[in-house]
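A.B. asks: The structure is given below, and queries will be raised subsequently.
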Amino acid sequence: MVGNKAAATACKLARVQVASAFPITPQTTITQYLSEMHANAEWDFDFVNVEGELSSQVVVQGASRIGARTFTCTSGPGLLYMHHPMQTTGSGRLPVVMAVVHRSYKGMQPDHSDLMSQEWTGWGHWYVEHAQEVLDSILMAYKVAEDPRIRIPIAVGYDGYVLSYTAEPVEIPDQALVDEWLPPNKPIPEVLPDKVNKATFGRGFGGEADPQVPWKVHHDAILKIEEVHQEVMDSFEKTFGRRYGNAMIEPYMMDDVDVAIIAMGTIAGTCKAAVEKMQKEGKKVGLIKLRSYIPFPVKDFQEWSKKLDAIAVVDRSICPGKGGPVYQRLRETLYDMKKRPLTLQFHAGLGGKEVRVRDFELIGDKTLKAVKSKKVEEPVTWV
Amino acid sequence: MSERITRAQIPMEEMGITPGSACQGCGAALAARLAFKALGPNVIRHGVPCCPDTVTKTPQIGTVFEGGGALLTGTSRGLKAIGREDVLAVGFFGDGGTYDIGFQGLSAAAERNENILVITKDNEAYMNTGNQRSGATPKYATTSTNPVGPKSRGKEQPKKNIPFIFAAHYVPYVATASVAFPEDLIAKVNYAKTITGFRIIIIQSPCPVGWRFEPEKTIEIARAGVQAGIWPLFEIQNGHDFKLNYKPKELKPVTEYLKPQARFRHMTEAEIAEVQEDTTSKWQSLIQSDEMGKVLI
Ligand SMILES: Cc1ncc(C[n+]2csc(CCOP(=O)(O)OP(=O)(O)O)c2C)c(N)n1
């Protein structure tokens, strides 16, 4: 099953009630799968074929406000186009789930610049590695987003082409089990005119006693995702027998290593092969796959930093003039630690550039060299 | 088509809660008051940025300025999903939210024939941000972005014919209304409530601040606009059936509408004559359509 089919299948399993999307490569086939599933009445849902991504985001916002379970999906330019209403979905605390099939700002090929650029919109941002993880993560995203402690939209990002259009074996969970594990979303009764109420949703006129309060509440709710996401990962494993690390990160061959490489998305899979090879050769290098960029696994990295001599951060996006977001976020996370590992920044896979096993070996070697000399000669490397 | 009502049939119960943030003599506040009276309690009101901030007894949902059509779509589909199709999703938007920045989403919602009702209060400019031109601003009107000067006679282009543009989407119901004709306005909302699919009612809503007239003249000016044929009252069903709701034997001269508004004060006799000629010729075709009972789109 290709990644995009896994995403559409997750919608079916989650019994999404209203989906809306606009085609863009490499997300396009999700819109086609959903249209087919709708035409074939595979389950009872509404699919709104809109005239642009801005509208798809606003359609799911409206339907989610009424209490329907909603789904949308897009890529690169489409995501940028829906930036404005993404912010209102976030501020509205609406549990929308969106698949972001990564496509670079520059060109059609995948990198993480699309979703990274949306970090201010007030969503949870997850990055996943393979088609099974796409399906499983979308299901988990609903359970986290709709949790009364959270009520925050979640974007599940996965790389275009290598994942969207590439077939891999995917185990489809049993519908009855999913139904039991993921009960229907609950509407907010205040939005219905059943009693006289002048409740206003989604319009900020200011005038609150303290206009910072909505920002703080929103921020705190997103931080809370960490705990709920971990609970959901545990219950997912109990029900379906699969898990992805502790939800926030997935350490791979991290026993007794001096160096960790941080990578996200499909290239984390490539890194796994590189780590296996390097460890066979006696190099003490492991992988920490980063799954949740927002909220960021602060505690996890602080703990790991105590055991590591160096961390190599592979950023598949760059804020021009500012740098790699994961590298910068990691460094601020480690600032307060008494003992800080060395950190190295690697720019890789931008604009869809292929990242090979031997690239990760180079990253590992360079980082080991820094450990040996106790010094980072060259902090930034373009792989 | 709507059925005539008498003044006594206008519902007594107010759905609007005053005061909102409206200025004195605000036509749009009056449009909201009348429309929501007719709509009654079983609606969810949708807003996008615009003025004034009328508060209704019904819940209100808002979104980005450009998102009105998609938000109504989402609500209406959501209501269907939770089995509450009895509740009507109503938009109350400005001309900017309808003619301009909101047009794409509304046009798409019209084309999909979403089950929604859009009410546009047309004050012919972006009043909330201080009277900048919109696609609804008529020719020669001055706005804060169409000042008069050696290179400018006010707005250069005619007002977009938005009712006909929506009618050309072949939607179930398009109507124009005016705050000076409350029975007609309410009759149209009443009718819109009885049908399903995409419905839009565009209400002429004079703005004393932007159009520059004394606040007590709102109704007078609105009425003069209708009586001069500048704001004809009509209904179009399915992009085909047409009815003109107000047909005086003779139109009043456009000067009765233009003269009291300082936004037109700079107009020359020749410019006024041009508006008169244009209005008369458009009126002729409306009369013809009314006689045939249909529009040719
Ligand atoms: C995307 C966006 N652009 C611009 C604005 C600023 N803005 C708020 S209301 C408004 C004008 C509203 O005009 P209209 O829809 O005609 O309604 P009115 O205020 O005249 O009732 C503008 C330009 C905004 N809120 N959002």
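The values are calculated or read from the model by the stated rules, or taken from the named source; none is laboratory data. Note that this is a predicted model, so its numbers are computed, not measured. Every residue, glycine as well, gets a Cβ built from its backbone with ideal geometry; the counts of neighbours run over all protein chains shown.
A.B. asks: Tell me which residues, restricted to the stretch B:204-218, are within 15 Å of the chain's Cα centre (by Cα) and surrounded by fewer than 23 Cβ atoms within 10 Å (Cβ to Cβ).
C.D. replies: Matches in the stretch B:204-218: none.
A.B. asks: For the list (1) at the interface with chain A (Cβ under 9 Å from one of its Cβ atoms); (2) more than 27 Å from residue A:83 (Cβ to Cβ); (3) in a helix (DSSP H, G or I), I need the number of the one condition that residue B:35 fails.
C.D. replies: With (1) at the interface with chain A (Cβ under 9 Å from one of its Cβ atoms); (2) more than 27 Å from residue A:83 (Cβ to Cβ); (3) in a helix (DSSP H, G or I) applied to residue B:35, the lone miss is (1).
A.B. asks: Taking interchain pairs and intrachain pairs at least six residues apart, which have beta carbon atoms under 8 angstrom, with the first residue in the stretch A:208-219 and part of a loop (DSSP other than H, G, I, E, B) and the second surrounded by 10 or more Cβ atoms within 10 Å (Cβ to Cβ)?
C.D. replies: Here the result reads A:208/A:214, each pair linking the stretch A:208-219 to a residue that is surrounded by 10 or more Cβ atoms within 10 Å (Cβ to Cβ).
A.B. asks: Taking the criterion of being within 16 Å of the ligand (Cβ to nearest atom) and surrounded by fewer than 17 Cβ atoms within 10 Å (Cβ to Cβ), would at least one residue in the stretch B:24-31 satisfy it? Walk me through how you get there before you give the answer.
C.D. replies: Filtering the stretch B:24-31 for residues within 16 Å of the ligand (Cβ to nearest atom) gives B:24-31.
Subsequent filtering for residues that are surrounded by fewer than 17 Cβ atoms within 10 Å (Cβ to Cβ) retains B:24.
Yes, that holds for at least one residue.
A.B. asks: Looking only at residues that are under 18 Å from the mean Cα position of the chain (by Cα) and more than 14 Å from every other protein chain (Cβ to nearest Cβ) in the stretch A:10-47, which one is farthest from residue A:74 (Cα to Cα)?
C.D. replies: Applying the filter and picking the extreme gives A:10.
A.B. asks: Taking residue B:92 as the residue in question, decide whether it is out of contact with any strand residue (DSSP E or B) (no Cβ under 9 Å at 6 or more places or on another chain) and among the aromatic types (Phe, Trp, Tyr).
C.D. replies: Details: out of contact with any strand residue (DSSP E or B) (no Cβ under 9 Å at 6 or more places or on another chain): no; among the aromatic types (Phe, Trp, Tyr): yes.
Judged against the criteria, residue B:92 is not a match.
A.B. asks: Now for a different question. Considering every residue within the stretch A:80-96, establish whether at least one is free of Cβ contacts under 8 Å to residues at least 60 places away in the same chain and away from every other protein chain (no Cβ under 14 Å).
C.D. replies: yes
A.B. asks: Against the conditions (1) over 17 Å from residue A:110 (Cβ atoms); (2) outside any helix (DSSP H, G or I); (3) within 24 Å of the chain's Cα centre (by Cα), where does residue A:314 fall short? Just the number, please.
C.D. replies: All conditions pass for residue A:314, except number (1).
A.B. asks: Kindly check whether there is at least one residue in the stretch B:110-125 that is facing chain A (nearest Cβ under 7 Å) and under 26 Å from residue A:86 (Cβ atoms). Please lay out each step first, then the result.
C.D. replies: Of the stretch B:110-125, the ones facing chain A (nearest Cβ under 7 Å) are none.
No: the stretch B:110-125 contains no residue that is facing chain A (nearest Cβ under 7 Å) and under 26 Å from residue A:86 (Cβ atoms).
A.B. asks: Hey, another quick one. Looking only at residues in the stretch B:60-105 that are of a type in the set (D, E, K, R) and more than 22 Å from residue A:90 (Cβ to Cβ), which one is nearest to the ligand (Cβ to nearest atom)? Explain how you work it out, then say what you get.
C.D. replies: If we filter the stretch B:60-105 for residues that are of a type in the set (D, E, K, R), which is where we start, we get B:66, B:77, B:80, B:84-86, B:95, B:100.
Then keep just the ones that are more than 22 Å from residue A:90 (Cβ to Cβ); that gives B:80, B:84-86, B:95, B:100.
Working: B:80: 28, B:84: 29, B:85: 29, B:86: 29, B:95: 4, B:100: 7 Å.
Ranking the candidates gives B:95 first.
A.B. asks: Test each condition in (1) within 14 Å of chain A (Cβ to nearest Cβ); (2) within 12 Å of the ligand (Cβ to nearest atom) for residue B:169 and report the one that comes out false.
C.D. replies: (2)
A.B. asks: Consider residue B:56 against the criteria (1) modelled with pLDDT of 95 or more; (2) buried (at least 22 other Cβ atoms within 10 Å of the Cβ); (3) more than 11 Å from the ligand (Cβ to nearest atom): it satisfies all of them except one. Which criterion is unmet?
C.D. replies: Going through (1) modelled with pLDDT of 95 or more; (2) buried (at least 22 other Cβ atoms within 10 Å of the Cβ); (3) more than 11 Å from the ligand (Cβ to nearest atom) one by one, residue B:56 breaks only (1).
A.B. asks: For the stretch B:190-200, how many residues are within 13 Å of residue B:235 (Cα to Cα) and surrounded by 24 or more Cβ atoms within 10 Å (Cβ to Cβ)?
C.D. replies: Looking only at that region, the number is 3.
A.B. asks: What about residue A:277, is it closer than 23 Å to residue A:353 by Cα and under 25 Å from the mean Cα position of the chain (by Cα)?
C.D. replies: Values: closer than 23 Å to residue A:353 by Cα: yes; under 25 Å from the mean Cα position of the chain (by Cα): no.
Judged against the criteria, residue A:277 is not a match.
A.B. asks: Tell me, yes or no, whether the stretch B:165-188 has at least one residue that is surrounded by fewer than 21 Cβ atoms within 10 Å (Cβ to Cβ) and hydrophobic (A, V, I, L, M, F, W, C).
C.D. replies: yes
A.B. asks: List every residue pair whose Cβ atoms lie under 7 Å apart, where the two residues are 6 or more positions apart in sequence or sit on different chains, the first residue falls within the stretch B:262-282 and is farther than 28 Å from residue B:247 by Cβ, and the second residue, located anywhere, is modelled with pLDDT of 95 or more.
C.D. replies: Close Cβ pairs (under 7 Å, with a partner that is modelled with pLDDT of 95 or more) amount to B:262/B:212; B:262/B:213; B:266/B:142; B:266/B:148; B:266/B:154.
Yes/no matrix, rows are residues, columns are (1) more than 22 Å from residue B:48 (Cα to Cα); (2) touching a strand residue (DSSP E or B) at 6+ places or on another chain (Cβ under 6 Å):
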| residue | (1), (2) |
| --- | --- |
| A:4 | yes, no |
| A:22 | yes, no |
| A:38 | yes, yes |
| A:42 | yes, no |
| A:47 | yes, yes |
| A:55 | no, no |
| A:58 | no, no |
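A.B. asks: Looking at the stretch B:136-156, which of its residues are within 16 Å of the ligand (Cβ to nearest atom) and surrounded by fewer than 17 Cβ atoms within 10 Å (Cβ to Cβ)? Spell out how you get there, then give the answer.
C.D. replies: Residues of the stretch B:136-156 within 16 Å of the ligand (Cβ to nearest atom): B:136-138, B:141-146, B:155.
Once the filter is applied, which keeps residues that are within 16 Å of the ligand (Cβ to nearest atom) and surrounded by fewer than 17 Cβ atoms within 10 Å (Cβ to Cβ), the stretch B:136-156 yields B:144, B:145.
A.B. asks: Also, I was wondering about something else. Name the one entry in A:344, A:334 that is farther than 30 Å from residue A:233 by Cα, of a type in the set (A, V, I, L, M) and without any contact (Cβ under 8 Å) to a residue 40 or more places away in the chain. First the steps, then the outcome.
C.D. replies: Values: A:334 fails: farther than 30 Å from residue A:233 by Cα.
None of the other options fit; the residue is A:344.
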